[in-house]
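Notes to accompany the following structure.
Throughout, read-outs are computed from the coordinates displayed, never taken from laboratory work. Since the model is a prediction, treat every value here as computed from it, not as a measurement. Here the Cβ is made from the backbone with ideal geometry for all residues, glycine too, and neighbour counts use every protein chain on show.
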């Protein structure tokens, strides 16, 4: 069983100095990026090889810009649900909710701007263009490709996160090659028609955010959107990649994670607080979505917070000088 994507994290040596940490970070098979799509390459890394890195930003709002190198493709796979707007110059490529498992691609030499309106976590694949089969017509469709809920991409991301730092470079390279083959075999995405308009989607999302702790029927959500049940369900999925029920359950689980991480409330109480009628149903859904039981997820989250709090906090040189002079 795969572990929770949000719990797996890179090993950090709190005893090492800044230079040692940078060298060790660059040597990891899946290093953390120092900035969005900014990959620190190890001294022995081959420029032509596949590279995979991890990017996380816990802020509720952030903006980034990068240009894909001329000899490779950039592929991002979302590890958690976020809201994003992808643009190039004045062209909007994507604007909306990115569920976990969303895949997006940027072709060589293409600039891309990204605005995230929620905390985000991604695996970034930097794949040389020659890793794609030669003369494949599908490569012409890969620029600005966005696929909501790509199952194989999500499973490949889970495999990498599960192995973490135990993954060797050959394993990482094989995953990257598998992803490249998968992309070239995809059928060109059809234009999405009748996606739920953004103003209707915002009304539905707001309604769910305000009432997720009670039973919400499909008819109720359709009424909020001002559509029939059949038209609403199809348009909602086209706009978000989720069935309405799926979206509601994921919203409940994300809220439950906040309660698990920040409170000591019993599981049964949390289950009722987020809209489940029984703890058993809550645990089943939580494990299906997150890969771990609520209790195990809480323990892992607590352990991660303790490690972060134990990290040394270096004061700026000016502060150290001021403290030293004050002590004298």
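With neighbours defined as other Cβ atoms within 10 Å of a residue's Cβ, the residues 183, 272 order from fewest to most as 272, 183. Which FRET efficiency value, to the nearest 0.05, is calculated for residue 110 and residue 49 with the Förster distance at 22 angstrom and r the Cβ-Cβ distance? E(calc), rounded to 0.05, equals 0.55.
Does segment 198-310 classify as rounded, prolate or oblate by the C-alpha gyration tensor (a ≥ b ≥ c root eigenvalues; a/c under 1.5 gives rounded; else a/b over b/c gives prolate, otherwise oblate)? It is prolate, given that a/c is not under 1.5 and a/b is the larger ratio.
Take every Cα pair under 8 Å whose residues are at least 6 apart in sequence, average their separation, divide by the length of segment 198-310, and the relative contact order is 22 percent. Residue exposure proxy: 199, 55, 297, ordered by other Cβ atoms within 10 angstrom of their Cβ from fewest to most, comes out as 199, 55, 297.
Residues 125, 94 in ascending order of nearby Cβ atoms (within 10 Å, fewest first): 94, 125. Here the Kirkwood formula puts the hydrodynamic radius of segment 246-302 at 10.9 Å, using every distinct Cα pair.
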